[in-house]
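Asker: My questions will all concern the structure given below.
The values are calculated or read from the model by the stated rules, or taken from the named source; none is laboratory data. Given the structure is predicted, the values throughout are model-derived calculations rather than measurements. Here the Cβ positions follow ideal geometry from the backbone for every residue, glycine too, while neighbour counts run over all protein chains shown.
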Amino acid sequence: MKVSNIASSRASNKASNKASNKAPDKKAPSTAKETSRPPKKQFNFRKMSFYQIWIRSFCDGNGDGIGDLYGVYDKLEYIKALGVDGIWFSPIYPSPNADYGYDISDYRDIHPDYGTLEQFKKVLDRAHELGLKVLLDLVINHTSDEHPWFIESCKGKDNPYSDYYIWRDPRFKGETKLPPNNWYSQFEGLAWEYNEQRGQYYLHVFAKKQPDLNMDNPKVREEVKSIMRFWLDLGVDGFREDVINFISKVPELPNGWSFVPAINGLPFYKDGPNLYKYLEEFRETALEYGAVQIGEAPFTSVKTALTYIGGRRRVLDMLIQFDTMFADCFMTEYVYHGFRLRKLKRAFRKWQYGLQGKAWFALYLENHDHPRVVNRYGNIRHWKASGSMLAACYILQRGTPFLYQGQELGMTNIALNSIDKYNDVAAKNAYNTFFLRDSVERRLERIHVSTRDSARTPVQWTNGPNAGFTTGKPWFYVNPNYSFVNAQTEEEDPLSILNFYKRCLNLRKHSRTLLYGTYREYCPLSSKIYMYERRYTDKSGGSEERILVVCSFASREHSYRMPRGYNYKKGKLILDNYISEEGMKAGETAEAGTLRPYEVQVWKFRKKPRV
Ligand SMILES: [Ca+2]
């Protein structure tokens, strides 16, 4: 099916958007504002939960060893059965894969490895039939250097695309060319690359193959809106917006300073001067369709976050922060210091209290950029208990939970025996930069705990060949523990991590207290117990419900005391990772005040209204 056919079935008046960007027009792109429509009501993302697909490793439907949209189509029922309400796709667009899809060379098509637009439309329609929303990744801080805009932009200073990127003249020290400022990129070396053809440097905050777009150019912003419309016309329900708080740079691009070189320019490209204004423009487009927008915003404070997600003038619906990802490391997983529960609780506290009553939160513990959470915050020796406890630990907080593929199975980090077997550029850089005097084994151990490649091993569906991921040769190593960590085996085990995820999502979905109640943390100083309350008062009837979530991060039995005002004899245990759903129904209960290793107990208390 042609692109135009698919899109026009939903919005025939948008024909002007359908031009493919495969070859840029010779004439200047139009800056005329496209006809805007009145805002449409958004769907209720607050009561939903989402499942993130990193397609390359999700499920291979055609046997070439690479996950694809055919595989996704086959697994939609599985996703629905988890109890989630939507899917967020990491980029599925054409890309040279310098950063696995986060370097886009065509915003209006599907990567041939993953299928076609027609197949995407099938997935989208089937997902909608099942009641699942679909969010795409919008990556607009940068494109691939193979994007036609960039290829044109390199040709000189006077073509329609010349100001699409951030170009600067070199500085000279004698005869030596120097980059325009001292910024480092987050991925590799300096943030500037010299282009011979144009005789200038271009800025890349990430990899060399990811030139930053010049969002100060109104034409670029019109392109963004046009890309949004393209997918929204197709029926997509919203976007997760990649490093969205980096898109506005301080125009002078001053020199930076920092003891961590990779972020020395951060103050000048993070939360920049025109960010709100640009987000406001994109918001208008999104709201014409009632689309939801989730922004990824590294290193943002609560106060700044509230300017984007707070109140009626919000320009994003939720925000993905990074604080909860750093409980075992300093600023990046590659500077590992071991897990500290108090650090994790501090991050939870900061965002839960910071946004309470003001804004909505995106809850997550895993995504495609981080190692597996069971290894990080749980305990492999208590794999099942800790993997399931971690589910309740974050899903029952206030906000919309996101699960990353395989997280619901308790998938673990992979340990490869040579650095050459890893794909992760950051891991290779870290391996070749730090602790060079250590033994190879010791250096590899550091990579095992830190690499995001662990999130990118094929999803383990069965205990058959290649974990059921493909009938061919998988593009990346399958974790050998698929014999017992796999969906098929776990579906049959009432106490599996998979079944526990389903129970948590189901419990949340049917509880007003868990959906909308307030959040309060108890015993903040404990380094073994994480305890929090959700409380909901029915304003009309005056009844009140409290749910107390008590998580153990101890590998031995650990005692706890319920907070003042709680009497466990009046409460009901409603969820426990040591008791199956059947056991629960049969009245099996846990010992209040004692937690087995990595046990989570969830208690419900109801106060009837006084008459
Ligand atoms: Ca495939």
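Asker: Could you please let me know if ALA427 is assigned to a helix (DSSP H, G or I) and either touching a strand residue (DSSP E or B) at 6+ places or on another chain (Cβ under 8 Å) or among the acidic types (Asp, Glu) (or both)?
Answerer: Details: assigned to a helix (DSSP H, G or I): yes; either touching a strand residue (DSSP E or B) at 6+ places or on another chain (Cβ under 8 Å) or among the acidic types (Asp, Glu) (or both): yes.
Yes: the conditions hold for ALA427.
Asker: Scan (1) more than 30 Å from HIS142 (Cβ to Cβ); (2) away from the ligand (no atom under 16 Å from the Cβ); (3) in contact (Cβ under 8 Å) with a residue 40 or more places away in the chain for the single condition GLY63 breaks and write down its number.
Answerer: (2)
Asker: Can I ask one more? Is it the case, given these coordinates, that GLY378 is within 18 Å of GLU408 (Cβ to Cβ) and among the small types (Gly, Ala, Ser)? Steps first, answer last, please.
Answerer: Numbers: within 18 Å of GLU408 (Cβ to Cβ): yes; among the small types (Gly, Ala, Ser): yes.
Criteria met by GLY378.
Asker: Quick check on region 68-123: of everything there that is in a loop (DSSP other than H, G, I, E, B), hydroxyl-bearing (Ser, Thr, Tyr) and within 13 Å of the ligand (Cβ to nearest atom), which residue is farthest from the chain's Cα centre (by Cα)?
Answerer: Step one: of region 68-123, the residues in a loop (DSSP other than H, G, I, E, B) are 68, 83-85, 90-116.
Still in the running and hydroxyl-bearing (Ser, Thr, Tyr): 90, 93, 95, 100, 102, 105, 107, 114, 116.
If we keep only those that are within 13 Å of the ligand (Cβ to nearest atom) too, we end up with 114, 116.
Values: TYR114: 20, THR116: 24 Å.
Out of the qualifying residues, it is THR116.
Asker: For region 337-373, name all the residues that are assigned to a helix (DSSP H, G or I) and of a type in the set (A, V, I, L, M). Can you show your working first?
Answerer: Here is the first cut: in region 337-373, the ones assigned to a helix (DSSP H, G or I) are 341-355, 373.
Listed by number, the residues that qualify are LEU341, LEU344, ALA347, LEU355, VAL373.
Asker: Let me ask you something else. Being free of Cβ contacts under 8 Å to residues at least 60 places away in the same chain and under 29 Å from the mean Cα position of the chain (by Cα) is true for just one of MET562, MET584, MET531. Which residue is that? Outline the logic, then answer.
Answerer: Details: MET562 fails: under 29 Å from the mean Cα position of the chain (by Cα); MET584 fails: under 29 Å from the mean Cα position of the chain (by Cα).
The match here is MET531.
Asker: Right, ILE55: in contact with a strand residue (DSSP E or B) (Cβ under 7 Å, 6 or more places away or on another chain), away from the ligand (no atom under 16 Å from the Cβ) and under 18 Å from GLU366 (Cβ atoms) or not?
Answerer: Working: in contact with a strand residue (DSSP E or B) (Cβ under 7 Å, 6 or more places away or on another chain): yes; away from the ligand (no atom under 16 Å from the Cβ): no; under 18 Å from GLU366 (Cβ atoms): yes.
No: the conditions fail for ILE55.
Asker: Another question, then. Return only the number of the condition from (1) surrounded by fewer than 24 Cβ atoms within 10 Å (Cβ to Cβ); (2) touching a residue at least 60 places away in the same chain (Cβ under 8 Å); (3) farther than 21 Å from TYR100 by Cβ that MET389 does not satisfy.
Answerer: Exception for MET389: condition (1).
Asker: Name the helices (runs of 4 or more DSSP H) wholly inside region 176-290 in which the number of residues that are charged (D, E, K, R) is 3 or more.
Answerer: On the way: elements: 218-234, 266-269, 275-288.
Once the helices (runs of 4 or more DSSP H) in region 176-290 are filtered for at least 3 residues that are charged (D, E, K, R), what remains is 218-234, 275-288.
Asker: Do the conditions hold for VAL260, that is, is it farther than 30 Å from ASN44 by Cβ, under 25 Å from the mean Cα position of the chain (by Cα) and either surrounded by fewer than 22 Cβ atoms within 10 Å (Cβ to Cβ) or assigned by TED's automatic domain parsing to the domain that holds PHE330 (or both)?
Answerer: Numbers: farther than 30 Å from ASN44 by Cβ: yes; under 25 Å from the mean Cα position of the chain (by Cα): yes; either surrounded by fewer than 22 Cβ atoms within 10 Å (Cβ to Cβ) or assigned by TED's automatic domain parsing to the domain that holds PHE330 (or both): yes.
Yes.
Asker: Name the one entry in TRP461, TRP475 that is touching a residue at least 60 places away in the same chain (Cβ under 8 Å), within 16 Å of the ligand (Cβ to nearest atom), farther than 29 Å from TYR598 by Cβ and in a loop (DSSP other than H, G, I, E, B).
Answerer: Details: TRP461 fails: farther than 29 Å from TYR598 by Cβ.
On inspection, the qualifying residue turns out to be TRP475.
Asker: Touching a Lys or Arg at 6+ places or on another chain (Cβ under 9 Å) and farther than 29 Å from SER454 by Cα: is that true of SER552 in this structure?
Answerer: On the way: touching a Lys or Arg at 6+ places or on another chain (Cβ under 9 Å): yes; farther than 29 Å from SER454 by Cα: no.
The answer is no for SER552.
Asker: Moving to a separate point now. Assess whether ALA98 counts as being under 24 Å from GLY83 (Cβ atoms) and assigned by TED's automatic domain parsing to the domain that holds PHE402.
Answerer: Details: under 24 Å from GLY83 (Cβ atoms): no; assigned by TED's automatic domain parsing to the domain that holds PHE402: yes.
It is false that ALA98 is under 24 Å from GLY83 (Cβ atoms) and assigned by TED's automatic domain parsing to the domain that holds PHE402.
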